[in-house]
1. How much accessible area per residue does the chain have, counting only protein heavy atoms and a probe of 1.4 Å, in square angstrom?
2. About its Cα centre, what dipole magnitude does the chain give when the only charges are +1 on Lys and Arg Cβ and -1 on Asp and Glu Cβ, stated in debye to the nearest 20?
3. Of the options T358, A62, P97, report the single residue whose Cα projects farthest towards the positive end of the charge dipole of the chain (beta-carbon charges: Lys, Arg +1; Asp, Glu -1).
4. Taking the Cα centre of the chain as the origin and placing charges on Cβ (Lys, Arg +1; Asp, Glu -1), which of V163, V411, G433 is farthest toward the positive end of the dipole?
5. Would you work out the relative contact order for region 5-148, in percent, from Cα pairs under 8 angstrom that are 6 or more residues apart?
6. Once phi is turned into ³J(HN,Hα) by the Karplus curve 6.51 cos²θ - 1.76 cosθ + 1.60 with θ = phi - 60°, what whole-Hz value does each residue of region 44-55 show in order, with x for glycine and proline?
7. Residues with amide H under 5 Å of L325's amide H, sequence separation 5 or more or different chain, H placed in the peptide plane at 1.01 Å from N; which?
8. Could you please state how large a percent of the accessible area of region 189-233 is carbon and sulfur, counting protein chains only and using a 1.4 Å probe?
Amino acid sequence: MAEPAILAIDQGTTNTKALLVGSDGAVLARAAMPTGVAYPRPGWVEQNPRDLWHCTCEAIAACLAQAPGLVPVAIGIANQRETALLWDRATGEPAGPAVVWQCRRTASFCDQLKADGAEPLLRARTGLQVDPTFSASKIRWLIDATPNGAARAAAGELAAGTVDAWLLWNLTGGAVHATDLTNASRTQLLDLTGLDWDDQVLALFGISRAALPALRPSSGILGETVARELSGGIEVRGGIPIASMIGDSHASLFGLGGFRPGSVKATYGTGTSLMTPTPAVLASSHGLSSTVAWSRGPQRRSSRRTASPPHTLRAGERPATVYALEGNITTTGGAVQWAGELLGLADPGAAVEALARTVPDAGGVIFVPALVGLGAPHWAPSARGLVTGLSLGTGRAHIARATLDAIAFQVRDVFDAMQADAGTPLSTLLADGGASRNDLLMQIQADTIGCPVERSRSSDVSALGAALLAGLAIGLWKDEGALEALIPARDRFEPQIADAEREARYAGWRGALARALLAP
């Protein structure tokens with residue numbers, strides 16, 4: 001009999017992964033498919049919902065083809081956050097594009113909310129500042145762009161949701177319209193304390209509760225697959241429990257083993273997300289967001305023969321919920337790409353690191369990569385990038401080194417804010433994501449924050465987090481203690497510079513940052 005395995009889906013902005021994860025945490029099979037992204041106007045970013053579903057099916061088929069005869073005991077889903085969709089409940093057809101988290105098309109709507117004085121209420125209820133990143137304004141835009149959209153949404157004819165809800169809808173053949181609490185907490189429509197859609201906030205955005213998905217734990221039986229044939233004759237059987245859904249950044253914190261307060265992770269991608277778990281909702285006074293880290297419903301053993309009912313949150317019932325503080329930095333790995341192209345490097349990711357290694361430091365050069373404004377903890381969309389400290393001795397290598405420094409400095413800004421808000425010493429930074437493969441960056445990061453950085457050796461941390469949560473839901477693993485041995489090995493980077501040098505470098509960054517924040 002084949003060992004039990006969980007099918008983990010990680011649906012990202014630019015690619016979709018599918019993994020089979022064994023009971024020992026090992027990856028038994030892996031496949032990835034690219035995801036198309038369109039930019040129809042300046043500042044607009046969107047995807048085709050049908051393409052999101054198609055690339056997910058293709059990734060699943062390619063993964064299952066590597067393990068003939070193996071039937072997953074459960075499915076876990078991690079997904080790009082905040083991206084919003086709208087579809088017809090009767091036909092399942094999308095009513096518009098998937099408006100991607102990066103999209104700024106609702107900026108004027110958000111500016112009006114601020115002008116109307118709505119931001120204090122929204123921060124207090126949802127833990128989020130007013131910004132086009134979050135799903136609420138995107139859902140409102142989609143409803144407005146759909147003929148008779150408001151009336152159809154109020155009548156329940158239209159279904160709104162984030163990518164997790166769209167995948168669940170399709171996997172269950174339209175039987176389940178639900179989202180988990182992590183994704184719900186990123187919509188700006190969830191009352192973080194009450195763990196329910198907030199009627200006053202819904203009224204502010206003009207969104208009917210009838211259009212929204214049911215709220216479920218991140219770990220629990222959310223529904224079951226319907227049988228379908230994929231490409232290459234690969235079949236997904238019916239009755240497989242979908243046992244976890246979670247936003248990708250939250251999934252990476254779980255997959256890194258950051259289960260307890262005092263843990264903090266940084267996922268290095270185009271931007272960087274730092275997150276630390278908290279035992280309750282903490283209102284940030286330092287520019288961070290409050291969010292749900294993950295939630296767990298009752299553990300249930302499931303089989304493909306006897307379906308377990310989906311776990312719906314009932315009146316008065318609360319899942320076991322861990323909260324978090326999060327800081328989202330807009331441009332980190334994206335700064336490496338930009339600098340590499342500016343310097344004429346064919347492969348910016350690798351070449352910037354190689355070039356930066358040829359000098360001992362940035363030679364006094366400081367780069368503030370406010371290329372699309374600044375995110376946490378500054379929230380300054382009008383800030384503009386700058387390079388300062390140039391001299392006749394400045395060369396391309398110094399610019400490359402300053403680019404890596406800039407990532408580390410921005411992470412320290414958020415890291416320090418987290419320590420101040422949480423009141424808990426953060427002694428080690430857990431790292432994952434594509435840019436974390438850069439050894440020099442990880443060493444600079446340790447030097448800049450003054451504590452060790454531990455980088456996961458896995459490139460599939462978000463998918464692993466979803467798999468672990470699914471396994472907990474079906475009883476494959478008993479509790480988080482049983483997961484400790486399954487967390488992938490990490491590489492450790494210790495600080496190597498003196499405190500005085502560290503603080504002198506950081507003071508230079510803060511001076512350059514102040515100038516960038518003055519940009520009109």
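The values are calculated or read from the model by the stated rules, or taken from the named source; none is laboratory data. Nothing here was measured: the structure is a model prediction, and the numbers come from that model. Note: ideal-geometry Cβ built from the backbone for every residue, glycine included; neighbour counts use all protein chains shown. Side chains are part of the model used for accessible areas, which takes the heavy atoms of the whole protein and leaves out ligands, DNA and RNA. Shrake-Rupley method; radii C 1.70, N 1.55, O 1.52, S 1.80 Å.
1. Working: 19040 Å² over 520 residues.
On a per-residue basis, the chain sits at 37 Å².
2. Charge dipole, the chain, about its Cα centre: 380 debye, nearest 20.
3. The one lying farthest along the dipole's positive direction is P97.
4. V163
5. Values: 257 pairs, mean separation 32.5, N = 144.
This gives 23 percent for region 5-148.
6. 9, 9, 8, 9, 8, x, 5, 5, 4, 5, 5, 5
7. Answer set, sorted by chain and number: T276, T278.
8. After summing per-atom areas, the C and S share lands at 47 percent.
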